[in-house]
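In what follows, a single structure is set out as structure tokens and then discussed.
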Amino acid sequence: MAKQKKGQKVAHEPAVTASAEQTADGGLRELLRVPAGPVDLTTYDTRATAGFSGTKEDGKLALENLGAEVSDWQERLFAEGRSGGERSILLVLQGMDTSGKGGVIRHGAGLMDPQGLKITSFKAPTPAEKRRGFLWRIRQAVPGYGLIGIFDRSHYEDVLIARVRELVTPAVWSKRYDQINDFEAELVASGVTLVKCYLHISPEEQRLRLDARLDDPTKHWKYNPGDVDERMLWPDYMEAYHAAIERCNTPQAPWYVVPSDRKWYRNWAVTTILLETLKELDPQWPTADFDVAKEKKRLAAT
């Protein structure tokens, strides 16, 4: 433990419950990764804090403490991409309305350098986009080498809302699971590491969050009356999520279910998963392609 500096406030370190064995096998990713086979989201506790045993205050501090490390690894990846590297990360955030996709971006991605990020928020496709096929606009947003891409909603909307709202026929959306798997396999083969997080909230928590938006005039801009219409279809959406996660949970592009009723845990968990992914990729600082000693002499002479 680092020595306390004079005048520095003491903050107790949050307790992390992941064992050494779990950390060696994948850390939090191992705890939150969806196993192969049938998926039943009702068996997942939306208020769980897997891998973390501290308080809300501990969790906020733990997220803050991740900042320097996640920023350093992000810069390594960015530098690698600028020096001939052909790797990137794509963080896919899915979840019901108010699950916190924007919150993860603000609090997690906010710890990193914006120049190394590519954030895309997918709304309803335009008529022109529809004519090109559901994956066309997704391909345009795939992060380039060295970048961390973040999707606020994604290609999965085309087997979620498209299915629930019957925007296309079952014959169409039922084929999309295999198309998504093929697309993601293609991304992985091209050097993109996929991190797919389902932000899991309960209908009770969603009601509280929507109600809070109505109670706060500064949050009215975030409220959409259509959210209540979608909320009435909760069972249908859960059925669609079960299918999407189960059928598109592949070894090269697995799903993680992140309990999200506790916002502080959600933010810490997704950021931790991202950090573990960066460390596993282990990008290295590029070596100089010039004579360092010679350049130091030239610089000293100016």
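The values are calculated or read from the model by the stated rules, or taken from the named source; none is laboratory data. This one's a predicted model, so the numbers in the text were calculated from it and none came from an experiment. Here the Cβ positions follow ideal geometry from the backbone for every residue, glycine too, while neighbour counts run over all protein chains shown. Surface accessibility is based on the protein's heavy atoms, side chains included, excluding ligands, DNA and RNA. Shrake-Rupley method; radii C 1.70, N 1.55, O 1.52, S 1.80 Å.
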*Name every residue in the stretch 278-302 that is open to solvent by 90 Å² or more (accessible area, probe 1.4 Å), farther than 27 Å from Leu90 by Cβ and outside any loop (DSSP other than H, G, I, E, B), in order of residue number.*
Lys294, Lys296, Lys297, Arg298, Leu299
*Scan the stretch 220-238 for residues that are under 22 Å from the mean Cα position of the chain (by Cα) and either modelled with pLDDT of 95 or more or assigned to a loop (DSSP other than H, G, I, E, B) (or both) and jot them down.*
Tyr237, Met238
*asked:* Among the numbered criteria (1) among the charged types (D, E, K, R); (2) more than 18 Å from the chain's Cα centre (by Cα); (3) more than 25 Å from Leu187 (Cβ to Cβ), which one does Lys60 miss?
replied: (2)
_Considering only the stretch 200-219, I want to know if a residue exists there that is modelled with pLDDT under 95 and of a type in the set (S, T, N, Q)._
no
*Within the group Tyr198, Tyr145, Tyr156, Tyr177, which residue is surrounded by fewer than 20 Cβ atoms within 10 Å (Cβ to Cβ) and either within 30 Å of Gly85 (Cα to Cα) or of a type in the set (Val, Ile, Thr) (or both)?*
Tyr145
*asked:* Residues to consider are Lys123, Lys130; find the one that is touching a Lys or Arg at 6+ places or on another chain (Cβ under 9 Å) and either in contact (Cβ under 8 Å) with a residue 60 or more places away in the chain or under 19 Å from Trp173 (Cα atoms) (or both).
replied: Lys123
*Among the residues of the stretch 55-95, which ones are assigned to a loop (DSSP other than H, G, I, E, B) and open to solvent by 20 Å² or more (accessible area, probe 1.4 Å)?*
Thr55, Ser83, Gly84, Glu86, Arg87
*Say we look at the stretch 117-131 and pick out the residues that are at pLDDT below 95 and open to solvent by 80 Å² or more (accessible area, probe 1.4 Å); which of these is nearest to the chain's Cα centre (by Cα)?*
Lys123
_When residues of the stretch 201-235 are limited to those that are aromatic (Phe, Trp, Tyr) and in contact (Cβ under 8 Å) with a residue 12 or more places away in the chain, the one least open to solvent (accessible area, probe 1.4 Å)_ = Trp234
_Here is a check on your reading of the model: is Phe52 crowded, with 21+ Cβ neighbours inside 10 Å, assigned to a loop (DSSP other than H, G, I, E, B) and among the aromatic types (Phe, Trp, Tyr)?_
yes
*Which one of Leu91, Leu117 is among the aliphatic types (A, V, I, L, M), within 26 Å of Asp236 (Cα to Cα) and in contact with a Gly (Cβ under 9 Å, 6 or more places away or on another chain)?*
Leu91
*asked:* If a residue must be in contact with a Phe, Trp or Tyr (Cβ under 6 Å, 6 or more places away or on another chain), part of a strand (DSSP E or B) and open to solvent by 10 Å² or more (accessible area, probe 1.4 Å), how many such residues does the stretch 244-273 contain?
replied: 0
*Starting from the stretch 35-54, take each residue that is in contact (Cβ under 8 Å) with a residue 60 or more places away in the chain and list its partners that are open to solvent by 70 Å² or more (accessible area, probe 1.4 Å) and in a loop (DSSP other than H, G, I, E, B), counting only C-beta distances under 7 angstrom and pairs at least six apart or across chains.*
Arg47/Arg262; Thr49/Arg262; Gly51/Val16; Gly51/Thr17; Phe52/Val16; Phe52/Thr17
